[in-house]
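> Dumping the structure here so I can ask a few things about it.
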Amino acid sequence: MRIMSIDPGSKQIGLAISDPTGTIANPLMILKHKSRESDTDFIAQQVLNNDIELIVVGQSLDDNGEPTFEGRRSARIAQALARKVTVPVEFWNESFSTQDAKRARIMMGGSRRKRAGHLDDLAATVILQSFLDERSVKKETSE
């Protein structure tokens with residue numbers, strides 16, 4: 001099962017995709033935000049092009065488990081996208097995904113200059129990998 005994750009931001013949207021077995025997440029691309037309509041049209045096309053069977057949208061939550069301002073933005077994107085695709089759209093807690101992406105980029109090495117730049121696709125990858133890992137654990141415990 002191929003899964004796509006989305007890390008919605010105000011300026012860019014990170015996309016990541018799993019391998020066909022739904023085990024390993026990889027960055028797909030960074031989409032420059034234009035409008036919700038345009039963004040979701042493009043993402044819907046990527047869903048078709050990549051035979052996606054499930055979409056996971058990163059949603060930041062506060063200490064009470066309620067969506068933050070950014071989390072509510074994620075919900076609006078997810079709702080708009082759900083009207084354009086036939087695959088399920090789920091939310092996944094994205095708290096700390098950008099910080100985890102920064103740490104991953106540092107661990108990959110290279111100069112500070114090369115490490116600078118957008119992390120949206122890596123954040124989407126972190127979100128997706130945590131989703132895949134959790135799913136794998138649940139699958140193992142139910143067997």
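> Please turn the phi angles of the stretch 24-34 into ³J(HN,Hα) values with the Karplus equation 6.51 cos²θ - 1.76 cosθ + 1.60 (θ = phi - 60°), one per residue in order, whole Hz, x for glycine and proline.
10, 8, 9, x, 9, 5, 10, 9, 6, 5, 10
> So how much slack lies between Glu70 and Asp51, counting 0.36 nm per residue of separation and subtracting their Cα-Cα distance, in nm?
Contour length minus the Cα-Cα distance gives 4.1 nm.
> In whole Hz, with x marking every Gly and Pro, tabulate ³J(HN,Hα) for the stretch 36-44 from phi via Karplus 6.51 cos²θ - 1.76 cosθ + 1.60, θ = phi - 60°.
The phi angles translate into 4, 4, 5, 4, 6, 4, 5, 5, 4 Hz.
> Separate question: Ordered by residue, what ³J(HN,Hα) values in Hz, to whole numbers, does the stretch 7-18 give under the Karplus form 6.51 cos²θ - 1.76 cosθ + 1.60, where θ = phi - 60° and Gly and Pro are x?
Whole-Hz 3J(HN,Hα) from phi for the stretch 7-18: 10, x, x, 6, 10, 9, 10, x, 10, 9, 9, 8.
> Scan around Phe91 for amide H atoms under 5 Å from its own, H built in the peptide plane at 1.01 Å from N, and keep only partners 5 or more places away or cross-chain.
Val57
> While we're here: Run down the aspartates and glutamates and flag those whose C-alpha is under 14 Å from the C-alpha of Lys34, throwing out any fewer than 8 positions away in its chain.
Those aspartates and glutamates meeting the cut-off do not exist here.
No value in this document is a laboratory result; all are computed from the given coordinates. Keep in mind the model is a prediction, meaning the values are calculated, not measured.
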